[in-house]
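A.B. asks: Structure in structure tokens, see below.
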Amino acid sequence: MARYGQSSLLAAALWMIVVSLLLFFLPGINGLIGGGVGGYKAGSVGRGLGAAVLPALVVGLLVWVLLAMFNMPVIGFISGVAVGLWALFSSIGLLVGAIIGGALAPSRPDIIEMPRR
């Protein structure tokens, strides 16, 4: 669970999606700004990238589940992977924005980072 001052990955992903959708009239910049806001809310570059990739994974999984419900699990799996990859590649601006926003986020002592060796 996220502590005070640290938003969850799901909240950061939702920030990315909402800001990108609100700025639909800026097609090249909306993902960059949305990714920057979400990466800043995530608190670090790694968490920002995770929040940017999360919607693409969810979309691919939902396509697979939808087609599996109609008794087409193999086609659903292939379609889910294809749609997930398409969503991932179409959100390059979101990924770049997440890197920038995560790098600009202030260091927070409550974020648990992996130890460096």
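A.B. asks: Looking at 49, 54, 85, 104, which is the one that is aliphatic (A, V, I, L, M), touching a helix residue (DSSP H, G or I) at 6+ places or on another chain (Cβ under 9 Å) and over 17 Å from residue 7 (Cβ atoms)?
C.D. replies: Values: 49 fails: over 17 Å from residue 7 (Cβ atoms); 54 fails: over 17 Å from residue 7 (Cβ atoms); 104 fails: over 17 Å from residue 7 (Cβ atoms).
Criteria check complete, one pass: 85.
Quick grid of which residues meet (1) in a helix (DSSP H, G or I); (2) modelled with pLDDT under 90; (3) small (Gly, Ala, Ser):
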| position | (1), (2), (3) |
| --- | --- |
| 20 | yes, yes, yes |
| 24 | no, yes, no |
| 28 | no, yes, yes |
| 40 | yes, no, no |
| 65 | yes, yes, no |
| 74 | yes, yes, no |
| 79 | yes, yes, yes |
| 88 | yes, yes, no |
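A.B. asks: Of all residues in region 11-67, which are of a type in the set (Lys, Arg) and within 11 Å of the chain's Cα centre (by Cα)?
C.D. replies: Taking region 11-67 and keeping what is of a type in the set (Lys, Arg), we get 41, 47.
Hit for region 11-67 is 47, nothing else.
A.B. asks: Restricting region 90-106 to residues that are assigned to a helix (DSSP H, G or I) and touching a Phe, Trp or Tyr at 6+ places or on another chain (Cβ under 8 Å), which is surrounded by the most Cβ atoms within 10 Å (Cβ to Cβ)?
C.D. replies: Checking each candidate, the answer is 101.
A.B. asks: For region 4-18, give me each residue that is part of a loop (DSSP other than H, G, I, E, B) and within 13 Å of residue 102 (Cα to Cα). Don't jump to the end; show me each part of the working.
C.D. replies: In the first step, residues of region 4-18 are kept if they are part of a loop (DSSP other than H, G, I, E, B); the result is 4-8.
Listed by number, the residues that qualify are 6, 7.
The values are calculated or read from the model by the stated rules, or taken from the named source; none is laboratory data. Values in this document were obtained by computation on a predicted structure and should not be read as measured data. Counting neighbours? That spans all protein chains shown, and the Cβs are built from the backbone with ideal geometry, glycine included.
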